[in-house]
Amino acid sequence: MNGKRIYMQEVATRDGFQIEQQFIPTDDKIALIDALSQAGYAKIEVTSFTSPSAIPALRDADELMARIARVPGVVYTVLVPNARGAERAMAARADEFNLVMSVSETHNIANLRMTREQSYQGLKSVIDAARGTEVAINVSLSTSFGCPMEGPVAHTEVLAWADRFAQLDVRGVTLCDTTGMADPRAAYELTHAFKARFPQLELTLHFHNTRGMGGANVLTAIEAGANRFDASLGGLGGCPYAPGATGNICTEDTAHMLDAMGYDTGLMLDRVIAAARQLPALIGHDIPGQVAKAGLIAERHAPPADFAAIRERALAREAQ
Ligand code: COA
Ligand code: ZN
């Protein structure tokens, strides 16, 4: 057992629900978040304070934040794209603003309708205004491992944007693999370079499992020094403004893998799996996550009903 602590951050009700076609009733979102609050997460990204016309699925953000039952020790964060979002997040008493912009100019314009420089200036004014308050600031850099429209994104470019925010004394930065373009080597290399350059920043890796590399990316990122991951219950997720986007790495699959390897995720896997098993009824379709279907490796199944007879026959043949 290695016992190393890995911090798990749930994003299903933000990254997951933002792309669902069917509006999920606010009461159901609250019940889910309240259940997840009792499951050992370090952080829960509850919703986003984006424009309701851009992300109609999360148009109930203000009400949601007002009505969830907050559990001490869990950080309740919200995605914020601009000053208007920050005002709403402040009124909602979010513990953390997860400010968002993309490293790719094309994705930034498609997703946020601003150039990167316009986004940066807007977010900088939010950070300046939040200084001296209780609110923590995290910056999510979308398309850090590649852009579905521009293609490869240079690690130097990612680090340069991280550096501009580091100079504003933010608490943390999230490197987002918005459409699952990271491979395990890139995950190692960018994590390693980030940790070497910004040892003071809280680093989160945000992988999507679009091409099946999510679990492998988590492991190489851990080798390179990461200890904090975004993940989504059931493997839901995706950015509606990124072509080909699909789900985040699945919380219960990732935690189950890390548990098996002896890491300490802090999660109560039985509660997480129970919540994941309720998702298909909630969202009206199947989930990509696998452990909620397969069960834990620790689970035992009964042998076939005629096992004793089969065994007798096998033993009799062996004795001949
Ligand atoms: N919350 C609520 N309303 C907002 C808002 C916010 N954070 N930001 C802007 N608006 C409203 C404005 O008040 C305005 O309303 P009005 O038409 O009634 O006057 C309208 O939205 C347009 O405002 P504008 O500043 O011109 O925004 P925009 O249309 O250029 O959109 C964003 C910019 C950033 C608000 C929008 O693109 C957005 O919310 N994107 C989020 C995308 C996202 O979450 N992607 C997935 C996560 S990575
Ligand atoms: Zn995402």
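Can you confirm whether the stretch 207-214 contains a residue that is within 23 Å of residue 151 (Cβ to Cβ), of a type in the set (Gly, Ala, Ser) and touching a helix residue (DSSP H, G or I) at 6+ places or on another chain (Cβ under 6 Å)?
Filtering the stretch 207-214 down to residues within 23 Å of residue 151 (Cβ to Cβ) leaves 207-214.
This time we only want the ones that are of a type in the set (Gly, Ala, Ser), so: 212, 214.
Filter once more, keeping what is touching a helix residue (DSSP H, G or I) at 6+ places or on another chain (Cβ under 6 Å): none.
The answer is no, given that none of the residues of the stretch 207-214 is within 23 Å of residue 151 (Cβ to Cβ), of a type in the set (Gly, Ala, Ser) and touching a helix residue (DSSP H, G or I) at 6+ places or on another chain (Cβ under 6 Å).
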* Asked: In the stretch 202-221, is there at least one residue being out of contact with any Cys (no Cβ under 6 Å at 6 or more places or on another chain), open to solvent by less than 10 Å² (accessible area, probe 1.4 Å) and part of a loop (DSSP other than H, G, I, E, B)?
  -> no
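Do you know which of the residues in the stretch 143-169 that are open to solvent by less than 10 Å² (accessible area, probe 1.4 Å) and not in a helix (DSSP H, G or I) is farthest from ligand 1 (Cβ to nearest atom)?
First, the residues of the stretch 143-169 that are open to solvent by less than 10 Å² (accessible area, probe 1.4 Å): 143-144, 146-147, 158, 162, 165.
With not in a helix (DSSP H, G or I) added as a condition, the list becomes 143-144, 146-147.
Values: 143: 10, 144: 12, 146: 15, 147: 13 Å.
Out of the qualifying residues, it is 146.
For (1) in contact with a His (Cβ under 9 Å, 6 or more places away or on another chain); (2) open to solvent by less than 20 Å² (accessible area, probe 1.4 Å); (3) among the charged types (D, E, K, R); (4) over 14 Å from residue 57 (Cβ atoms), each residue gets a yes or a no:
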position	(1), (2), (3), (4)
4	no, no, yes, yes
8	no, yes, no, yes
19	no, no, no, no
23	no, no, no, no
27	no, no, yes, yes
37	no, yes, no, yes
43	no, yes, yes, yes
* Structure fact -> Taking first residues from the stretch 200-220 that are charged (D, E, K, R) and second residues anywhere that are part of a loop (DSSP other than H, G, I, E, B) and within 11 Å of ligand 2 (Cβ to nearest atom), the pairs with Cβ under 8 Å that are 6 or more apart or on different chains are 211/180
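With a cut-off of at least 1 residues that are in contact (Cβ under 8 Å) with a residue 60 or more places away in the chain and either within 16 Å of ligand 2 (Cβ to nearest atom) or aliphatic (A, V, I, L, M) (or both), name the helices (runs of 4 or more DSSP H) lying wholly within the stretch 37-127.
Fully inside the stretch 37-127 and qualifying: 105-112.
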* To do: Give me the pairs, please: first residue somewhere in the stretch 252-276 and more than 11 Å from residue 291 (Cα to Cα) and in contact (Cβ under 8 Å) with a residue 24 or more places away in the chain, second residue anywhere and outside any helix (DSSP H, G or I) and among the acidic types (Asp, Glu), beta-carbon distance under 9 Å, and either six or more positions apart or on two chains.
  => 258/264
* Structure fact -> Across the stretch 250-273, the tally of residues that are of a type in the set (D, E, K, R) and under 13 Å from residue 6 (Cα atoms) stands at 2
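The values are calculated or read from the model by the stated rules, or taken from the named source; none is laboratory data. Source: prediction; values computed, not measured. Cβ sites come from the backbone with ideal geometry, for glycine too, and all protein chains shown count toward neighbours. Ligands, DNA and RNA are stripped out before the accessible areas are found, and what is left, the full protein with its side chains, is counted by its heavy atoms. Shrake-Rupley method; radii C 1.70, N 1.55, O 1.52, S 1.80 Å.
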